[in-house]
Amino acid sequence: MTGRTRSITYSNERQGSHYGVSMDTLHVVTSAIDGLTVNAGNKVCVDSISSQPFPDNALDITTKRLRRSLMTGRAVFYGATRVWDLEFRRKRFQASTPVSSFPNLPAPAWAYYSTKALANANLNQPKVDIPLFLFEMKDMPGMLRDLGRVLNGRYKPSDVPGGYLAAQFGWGPLFNDLASLLGLADQIAARKKQILKAASEGGSKIVRQLGGDPIDLGTSAIASMQKVDQRDTGSGSWTYTGTSKYWYSARLRLLTVFPDETDLDTAVFRSVLGLNLSAASIWNAIPWTWLVDYFVNVGDFLDANRGGIRYKLDRLNLMCHQHVRGEWKAAYTAPGFTQVPGTLELDYKGRRIPSLALPVLAPRPYFTDHMAYILGNLATASALRSVKL
């Protein structure tokens with residue numbers, strides 16, 4: 001295997017020009033710049049080449065494309081010491097800032113999503129975890145009591161955030177499980193078909209989405225576009241928004257041998273309903289473990305280790321696509337001039353091949369507003385219950 005790096009540079013953009021003539025000193029030209037170019041970005045590909053049998057290799061393709069902000073117009077401009085007749089002819093700014101100095105994308109969370117892929121591909125992953133479902137039914141009387149109190153108008157202040165938490169962790173999962181049970185026959189048939197394909201020669205190829213996370217690069221500080229005579233003709237800041245997406249492909253091969261159809265049907269039934277003893281079900285039944293999963297992927301780690309039906313994943317390829325768009329937001333523009341916002345496109349496409357395909361514990365790479373809202377409701381409900389009203 002030989003590593004290699006290839007790159008291209010995008011065509012440079014013309015910088016444009018600007019002219020400034022002093023109104024109080026005849027024919028003093030501060031600048032007359034025209035025809036110069038500025039770097040517009042690049043693309044870099046890092047990969048490897050191998051001889052037969054041509055194994056899959058890691059791949060990184062990074063693109064940074066900058067379209068600089070423009071200022072146009074002509075007006076009398078009051079500087080710090082003089083008055084100017086100032087003209088901008090499609091003048092591109094941030095010209096002195098190299099493309100490499102703009103933000104870089106964060107490193108992909110390969111370990112976290114590799115474990116998520118292994119959990120997703122596990123043939124023992126239940127569609128409805130019956131042991132967990134029965135265990136959580138113990139909360140049903142309390143949920144009905146709280147709901148009845150709210151419907152009768154005798155609710156307490158803590159019932160408002162508490163109701164949201166009940167919907168997220170009580171009623172929502174309950175209705176989802178009931179809906180899955182209604183489609184149980186289809187779930188069993190789909191799992192059986194998947195196992196039979198995995199048992200065939202060559203196994204079964206699977207390609208599945210794993211979701212993603214938001215990318216927050218923040219907002220740059222207010223910066224000057226152009227200073228003339230110590231005064232700003234325009235200023236603004238860059239704001240960045242983006243997301244990352246992960247998916248995987250693999251070849252699934254069945255290792256368990258089923259003597260007859262009955263054994264296969266039993267194994268399928270147990271796997272779909274989570275009837276094989278699993279640490280994952282116990283983990284989910286313990287209170288507050290969902291909070292741990294907000295920060296570390298313990299749940300995915302245990303799901304990936306569910307046992308029962310034996311199988312093997314070959315040629316596991318984990319892919320990531322990150323994309324962030326930066327926009328120049330004008331904060332100030334001198335009278336008589338117009339700013340045309342610039343844009344910055346940051347793009348990354350990558351692939352990794354987990355060598356041992358083993359789940360690992362890894363921190364969650366993101367924290368969503370929804371998760372923060374749940375924690376806020378939890379704190380509010382706890383505080384209100386401690387106050388006698």
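Each reported figure results from applying straightforward, stated rules to the coordinates on display, with no laboratory input. What you see is a predicted model, and the numbers here were worked out from it, not measured in a lab. All Cβ positions, glycine included, derive from the backbone under ideal geometry; neighbour counts span all protein chains shown.
What FRET efficiency, computed as 1/(1 + (r/R0)^6) with R0 = 30 Å and r the Cβ-Cβ distance, is obtained for Ile282 and Leu184, rounded to the nearest 0.05?
0.85
Suppose each label sits 7 Å from its Cα in the direction of the beta carbon; what would the Val257-Glu201 distance come out to in nanometres?
The modelled label-to-label distance comes out at 1.8 nm.
At what distance in nm do the modelled label points of Ala58 and Arg315 sit from each other, each positioned 7 Å from its Cα along Cα→Cβ?
So the label points at Ala58 and Arg315 sit 2.2 nm apart.
So between Ala80 and Asp47, what do we pick up on full extension, going 0.36 nm a residue minus the alpha carbon distance?
6.5 nm
Would you please name the trypsin sites (Lys or Arg not before Pro) within the range 283-324 that are DSSP coil residues with at most 12 other C-beta atoms within 10 Å of their C-beta?
Here the trypsin sites (Lys or Arg not before Pro) that fit, given the DSSP loop and packing criteria, are Arg310.
With r defined as the distance between the Cβ atoms of Phe295 and Thr9 and R0 fixed at 41 Å, what FRET efficiency is calculated, to the nearest 0.05?
Step by step, r from the Cβ atoms, then E = 0.50.
Over the range 264-322, one equal point on each Cα, no solvent: what is log10 I(q)/I(0) by the Debye formula at q = 0.13, 0.20, 0.25, 0.30 Å⁻¹?
-0.49, -0.90, -1.03, -1.18
For Lys329, which lysines qualify as cross-link partners when the Cα separation must be under 21 Å and same-chain residues fewer than eight apart are set aside?
List returned: Lys64, Lys91, Lys227.
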